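One structure is given below, encoded as structure tokens.
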Amino acid sequence: KSCSFSARVGAFGSPPPLPPLVAAAPPRRPEMEGATAPLEGNTTSSAEAREGISLGPRMVVFVRTCLEANPHRFVFLWSTASVAMLVTFFIAGRHYWELQKRPASIKRLYYSRIAWFAPILGVTATLALFAPRAFYFMKMLQTQVEAVSLSAFGNILFLLVAEESHLLYDGQEHAHESTGHKIVMALNREGPKPHFGVPPFACCFRRCMPAHLLRPSHILLARNFVRQYAFIVVMSTVLEMWCALALTAAELKPMFLITTTLVKLSGLVCIYGLFILYSATHDLLEKWNPTSKFVALKLVVLLMTYQELLVGTLVDSIIPASDLCLADPEHSGEAIQTKHREHWMNMYLTALESMLLAFLVRRAYPADELHGGRQEHHMMLVEVDLERHSSAIGSKEKEEDSASSSEGDDDDAH
């Protein structure tokens, strides 16, 4: 059946390369030249072509091989990662329970979403330690929950700014103004500033950037910078999964490079938007500790980013516990196994870092900040109000420009 299938495939096109199932390969047929793995003497390019789709060993084989090779080391690593995950769940669970005791509010909803960031990070990392083959799927979940948490932080900033702006002008002459108008006035109390001269793109140019007052369009732009990250992450991960199923290994590697670069660039834009909002609202929201809220989310994520670079540099100098432990039975090659070791080490460190994240989040987003009885403004209503205020400012400027141009025409006529 295999020979007859090969003959039929040769008439319509070459099938994609398949991993060897047995040690002795069947005789090559003329119509399948170039369709399967390269000929002898070209094994390097074959390993490079298959490196992009190597997922690693399956869980049962991996656990059995590791226990046979070096049981003491792997039992210690699995145990410490599992304990770290349980500690993370304990800290985050107490934090979530404290939040649920507070009166129902929109802020409580966003605080609860952020509280689940650390446990999801810990459990996905721990599962990847027992099943290295699931690394890419667990990494996708970690990136998505990070995007959700950053989006929730942006929403919290908007809610707090709206709340503080109303309290600031309550009982004054501007008390009748709309929420968007009050937000713009509150953020511009200290006069013009170089609001866009912030990390990670423009911090070095802050001194030479012009100072200006914040406009509603600027606030909405910064909010969209934060929001786009969640959409880009979801779209990129779905595209990667589709490419892994639909493309060959040679086509898959450049696509992964494109999507990875896109996600990293989107993350930098998200951080830029958060810095714009953080810099503009820092003084107004000082009693809410916006610095600790921002650091709690980004410190561990930033640590994970540099950790991946460091582990990728040092993995070759670390003696492996076994040459067979993280070997992929379907894909051979030392470079592939080294890559799996790098992924495994990163997930182990991430499992430990989830405890730090849970502690920081519980300190930065305490349940004591949630008070009932205060007027809240939904995020969408605040955005609509800012858009209306921006349109009103634009219409007023157009009328002034037209009036000034008509006055200029009258002067020329005289």
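Computed values, structure above
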| quantity | calculated |
| --- | --- |
| Residue-normalised accessible area of segment 100-204, expressed per residue, 1.4 Å probe, Å² | 39 |
| Cβ crowding within 10 Å averaged over residues, with 383-393, 269-279 ranked highest first | 269-279, 383-393 |
| Peptide ranges 343-355, 293-305 listed from the most packed, as the mean C-beta count within 10 angstrom indicates | 343-355, 293-305 |
| Unsatisfied cross-links (Cα-Cα over 19 Å) in the set Lys139/Lys264; Lys298/Lys339; Lys264/Lys298 | Lys298/Lys339 |
| Peptides 186-192, 204-210, 106-112 ordered by average Cβ neighbours within 10 Å, highest first | 106-112, 186-192, 204-210 |
| Inter-label distance, nm, simple model (7 Å from Cα along the C-beta direction), Leu310/Arg388 | 5.1 |
| Percent RCO, i.e. relative contact order, over segment 133-244, from Cα pairs under 8 Å lying at least 6 residues apart | 29 |
| With every protein chain in place, segment 80-219: carbon and sulfur % of accessible area (1.4 Å) | 64 |
| Sequence-separation-based contact order of segment 79-196, relative, with Cα cut under 8 Å and 6+ spacing, percent | 21 |
| Cα centroid separation, segment 79-154 to segment 253-281 (Å) | 21 |
| Relative contact order (%) - criterion: Cα under 8 Å, at least six apart; region: segment 176-233 | 31 |
| Rounded to whole Hz, the Karplus (6.51, -1.76, 1.60) HN-Hα couplings of segment 169-182, x for glycine and proline | 9, 5, x, 9, 5, 9, 5, 7, 5, 6, 4, x, 5, 5 |
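The values are calculated or read from the model by the stated rules, or taken from the named source; none is laboratory data. Just so it is clear, the model here is predicted, and its values are computed rather than measured. Because the Cβ atoms are built from the backbone with ideal geometry, glycine has one as well, and the counts that use them run over all protein chains shown. The accessibility values were calculated without ligands, DNA or RNA, using every heavy atom of the protein model including side chains. Shrake-Rupley method; radii C 1.70, N 1.55, O 1.52, S 1.80 Å.
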